[in-house]
1. Given the residues Val293, Val303, Val344, Val338, which is the only one that is assigned to a helix (DSSP H, G or I) and at pLDDT 95 or above?
2. Counting only residues that are over 20 Å from Ser222 (Cα atoms), charged (D, E, K, R) and surrounded by 14 or more Cβ atoms within 10 Å (Cβ to Cβ), how many does the stretch 85-109 have?
3. Determine if the stretch 86-100 includes at least one residue that is among the small types (Gly, Ala, Ser), over 14 Å from Ala174 (Cα atoms) and at pLDDT below 95.
4. In the stretch 50-77, which residue that is hydrophobic (A, V, I, L, M, F, W, C) and modelled with pLDDT under 90 is most open to solvent (accessible area, probe 1.4 Å)?
5. Looking only at the stretch 188-199, filter to residues that are in contact with a Ser or Thr (Cβ under 6 Å, 6 or more places away or on another chain) and within 11 Å of Ala151 (Cα to Cα); which one of those is surrounded by the most Cβ atoms within 10 Å (Cβ to Cβ)?
6. Can you tell me which residue in the stretch 176-187 is farthest from Asp161 (Cα to Cα), limited to those that are of a type outside the set (S, T, N, Q) and buried (at least 24 other Cβ atoms within 10 Å of the Cβ)?
7. Residue check: is Arg47 buried (at least 17 other Cβ atoms within 10 Å of the Cβ), in contact with a Ser or Thr (Cβ under 9 Å, 6 or more places away or on another chain) and in contact (Cβ under 8 Å) with a residue 40 or more places away in the chain?
8. Output the residues belonging to the stretch 116-140 that are modelled with pLDDT of 95 or more and among the small types (Gly, Ala, Ser).
Amino acid sequence: MSTDIYLDYNGSAPLDPRVLEAMAPVLRDSVGNASSVHRFGRAQAARVDLAREQVSRLVGAAATSHVIFTAGATEANNLALQGLVSDVSPERSRILVSAVEHASVMATADWLAQNGRAKVDIVPVTSDGCVDLAALDEMLGQDVLLVSVMAANSETGVINDLPAIGECVADSGAFFHSDATQIVGRLPFDMASAGVDAASISGHKICGPTGVGALIVTKAMSHQLRPLLLGGGHERGRRSGSLNVSGIVGFGAASEIAADEQSSEAIRVSGLRDALVSKLVHGLDGVSQNGSVSRRLPNTASVRFVGADGDAVMTNMESVAVSSGSACSAGALGPSPVLLAMGVDRAAAEESLRFSLGRFTTAGEIEEAADRTIRAVERVRFLNGSP
């Protein structure tokens, strides 16, 4: 039986044993609500405070008080968009989102528009997957409240020029939100340098636990933000609910590890990624990559196999976990909306797969994964009658 090879880190990364080690004492021995004033509660609160420092360091936040813990990046994206428009003036009620945003941004923006909470416009992207800066500049105006552009795309790995976008947004007086889920822990990310007012991140994308994330905001945006969840006024009134202390501790540990190791890991993993693509290109005809190959995450490759449906290739691949799109769009019929927004035609989009590597990926796994992918593509092409 073939050994399993996991190349879907952009969907969810394996839990780092060091993170589990940090979480274990909290799960096993700790008790108390972090909001309680007795010593048990204070001990839990101290653990949360440490995690805030670790998360702050990962994104270059100005203060730990700007970290709002959530159940993940999806909630953080919802809080950034919905929380900002809750008390908005009619004169500044337009939201701009890029055409390749995560479903949690696109669906939230669509809900706001359908319910008359905001006017939403979609910013196009270029053929290489980057936000069209000229188009964005034309769309900006004094009526724009918020611009939401992801730092790096989960499907193609393409990285947007956040400082340039942030400068345009700041000149218009709008707030700038970025879903930074995929870039943090893989490449340096600094909110101030990027001109970002709010960043969404998630624990399980950086080898931390699932079900915990954060929205990190500037002081100015924090004053405008209204909570989605009401109750005890936790997180300085911005997100009610008893804190998931063990998950937050794990998230903090994962953030610290990622901050310390991201530079060396980027070099190692990009080498493995390039070796994988090289072997696929040399082993098969009709192989190409989607999106910019010079502005992308070090761990990601979106690869098209001409004449072989991506889902069929995955079905015929021996125990290799890859993806045909965003994990949060899994099960959706049709080709990737991200690739279509880039101008990739429907047939090409359906022939594409995402390979995303990570901390525990080895050279041996890459060699074997390439062989299995080649065999799967050849089989699908044979069954289709493709040359």
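1. The conditions single out Val338.
2. Of the residues in the stretch 85-109, 1 are over 20 Å from Ser222 (Cα atoms), charged (D, E, K, R) and surrounded by 14 or more Cβ atoms within 10 Å (Cβ to Cβ).
3. yes
4. Restricting to residues being hydrophobic (A, V, I, L, M, F, W, C) and modelled with pLDDT under 90, the top hit is Ala62.
5. Among residues in the stretch 188-199 that are in contact with a Ser or Thr (Cβ under 6 Å, 6 or more places away or on another chain) and within 11 Å of Ala151 (Cα to Cα), the one surrounded by the most Cβ atoms within 10 Å (Cβ to Cβ) is Ala199.
6. Result: Gly185.
7. It is true that Arg47 is buried (at least 17 other Cβ atoms within 10 Å of the Cβ), in contact with a Ser or Thr (Cβ under 9 Å, 6 or more places away or on another chain) and in contact (Cβ under 8 Å) with a residue 40 or more places away in the chain.
8. Ser127, Gly129, Ala134, Ala135
The values are calculated or read from the model by the stated rules, or taken from the named source; none is laboratory data. What you see is a predicted model; the values in this text were computed from it and never measured. Cβ coordinates were reconstructed from backbone atoms using ideal geometry, including for glycine residues, and neighbour counts include every protein chain displayed. Accessible surface areas use protein heavy atoms only, side chains included; no ligands, DNA or RNA. Shrake-Rupley method; radii C 1.70, N 1.55, O 1.52, S 1.80 Å.
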